[in-house]
1. Against the globular-protein guess of 2.2 N^0.38 Å, express the Cα radius of gyration of the chain as a ratio, rounded to two decimals.
2. Computed from the mean reciprocal separation of all distinct C-alpha pairs, what Kirkwood hydrodynamic radius does the range 342-472 have, in Å?
3. What number results when the radius of gyration of the range 425-516, computed over Cα atoms, is divided by 2.2 N^0.38 Å?
4. If packing is taken as the average count of other Cβ atoms within 10 Å, what order do 310-317, 29-36, 413-420 fall into, highest mean first?
5. Rounded to whole Å and sorted largest first, list the principal axis extents of the Cα atoms in the range 190-297.
6. So for the chain, taking the charge dipole from beta-carbon charges (+1 Lys/Arg, -1 Asp/Glu), which of Ala400, Val331, His449 sits furthest toward the positive end?
7. Please tell me the relative contact order of the range 425-516 in percent, rounded to the nearest whole number, where contacts are Cα pairs under 8 Å and at least six residues apart.
8. Give me P(r) over the range 309-350, computed from all C-alpha to C-alpha distances, binned every 5 Å, as integer percentages.
Amino acid sequence: MNPTSSPDLPGSSLDAARRRRELTELADGTQVDVLVIGLGATGAGAALDAATRGLTVAAIDAHDLAFGTSRWSSKLIHGGLRYLASGQLDVAHESAVERGILMERTAPHLVRAQPFVLPLTPLVSRGQAALARAGFLAGDMLRAAARTSRRTLPAPRALSAVETRHFAPALRTGGLRGGLLSWDGQLTDDARLVTAVARTAAAHGARVLTRTRALEITGDGARVRDETTGQELRVRARAVVNAAGVWAGGLVPDVRLRPSRGTHLVLRSEALGRLAAGLHIPVPGETNRFVLVLPQGDGRVYVGLTDEPVDGEIPDVPEVPETDIGFLLDVLGSALDVTVHRDDLVGAFAGLRPLLDTEGSRTADISRRHAVLTSPDGVVTVVGGKLTTYRRMAQDAVDAAVAARRLLAGPCRTASLPLVGAADQDTLARLDVPARLVRRYGTEARAVHALGLADPSLARPVVPGHPVTGAELLWAVRHEGALDEADLLDRRTRIGLVPADRAVAERTARDLFAHSA
């Protein structure tokens with residue numbers, strides 16, 4: 001391997017050989033202090049939290065890193081404004097604190113400040129506008145209370161109609177009175193955050209094992225199956241944390257969940273013209289609900305999201321119903337001069353929120369406060385919450401496991417522990433590599449870029465018109481635990497969000513596995 005293409009954090013590389021070796025160790029009877037079920041944001045976070053307290057850890061997932069809800073978010077790190085408006089002051093403050101931790105300490109390479117404009121159209125009354133402005137000012141007070149610097153998140157302010165159109169020329173001019181500008185955190189990619197957390201856990205000694213399905217769990221371990229070979233084995237553990245998200249109830253039956261579906265549409269950027277900010281578009285007839293228009297910087301725009309209850313069996317990949325698509329297109333059309341048709345969509349995705357069942361409530365009204373539940377046999381289950389607060393959810397789950405099983409462990413360290421690739425903004429700005437790579441890989445962008453310099457064929461985009469290169473796919477195979485084409489296209493990169501792009505990239509992805517051997 002080219003010495004310039006090594007990871008920045010020793011021991012953080014995940015690959016097929018490491019997976020086989022560590023799974024064999026568990027099969028041979030090695031006992032760990034903590035077994036974590038699920039490798040979404042919370043599960044990976046729990047693995048990192050436990051490992052950095054000095055505990056031995058195995059973390060498993062039936063599929064892949066960020067296979068479930070963690071890759072289907074709006075890619076936002078929320079400051080808690082929505083929860084403030086609904087009176088959930090503790091959740092709002094917690095969200096603002098965790099946003100600041102991610103943006104300033106643990107993952108400044110993956111989370112940046114994103115401006116949002118709420119256009120004051122005829123559908124927004126002056127009373128609603130005043131309420132929204134007060135909310136944004138309150139949100140800024142949350143920022144200050146969380147001790148997040150003004151340099152990180154600028155102040156909200158009112159915009160004239162001309163300024164509003166400058167941020168979003170596609171807005172309808174008729175009756176536009178101006179707009180409200182606010183700021184929040186935006187992830188480069190939610191699945192990349194999970195990958196960074198998992199690799200950082202691996203650097204601290206955690207065994208991170210994808211394609212390893214939990215068949216049955218108890219307080220002292222689990223019966224699992226290696227999905228690549230079909231082999232079953234018993235994993236011995238002193239404590240078990242169930243962080244399986246919407247599937248958590250299938251492993252611990254007394255955990256009752258009421259999943260909620262959030263759908264996003266995927267458009268090409270040209271469908272909406274130049275967007276210098278995201279948009280909050282009010283949902284007609286709702287006082288505190290918005291559809292978000294989210295430019296991604298890779299030639300795509302996401303439009304979301306819905307909040308609909310889901311009954312029945314939980315699918316591996318949720319389907320997007322036409323009713324959700326119609327709803328989002330209707331709200332989009334209420335504010336834009338351009339008409340976005342069903343045929344303009346190049347993709348769509350939906351995620352399921354693992355909300356605790358609350359009898360008689362709409363899923364939109366169920367609290368996003370997370371819960372940590374300990375079953376009679378000692379299994380600790382963590383559910384609810386949201387992507388922004390994954391670190392705190394993980395901390396609370398590990399606290400509960402340590403207490404329930406009386407483990408000897410140090411204090412939580414993750415609030416100040418940088419993830420792999422992290423550095424302050426001044427350091428990141430000085431890296432002499434493409435800015436897009438820095439936003440995805442942080443300081444490791446140099447190593448990814450070096451792969452393309454060593455082999456020019458890897459420097460080319462995998463799909464015409466999309467920026468992901470072959471070097472990024474090769475890096476994912478060598479260091480990020482990708483085991484097949486789906487891992488590469490659907491999680492390590494997001495090429496697969498557009499089916500047509502995915503079809504073009506599949507052969508290149510297959511060839512990269514041969515190239516990396």
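Nothing in this text is a laboratory measurement; each read-out follows from the coordinates by a stated rule. Everything numeric here is computed off the predicted structure, so don't read it as measured data. Cβ sites come from the backbone with ideal geometry, for glycine too, and all protein chains shown count toward neighbours.
1. 0.94
2. It is 19.3 Å.
3. 1.04
4. Result, highest mean Cβ count within 10 Å first: 29-36, 413-420, 310-317.
5. Taking max minus min along each principal axis of the Cα atoms, the range 190-297 gives 54, 34, 26 Å.
6. Checked the options; the winner is His449.
7. RCO, the range 425-516: 19 percent.
8. It works out to 5, 18, 26, 21, 13, 10, 5, 2, 0, in whole percents.
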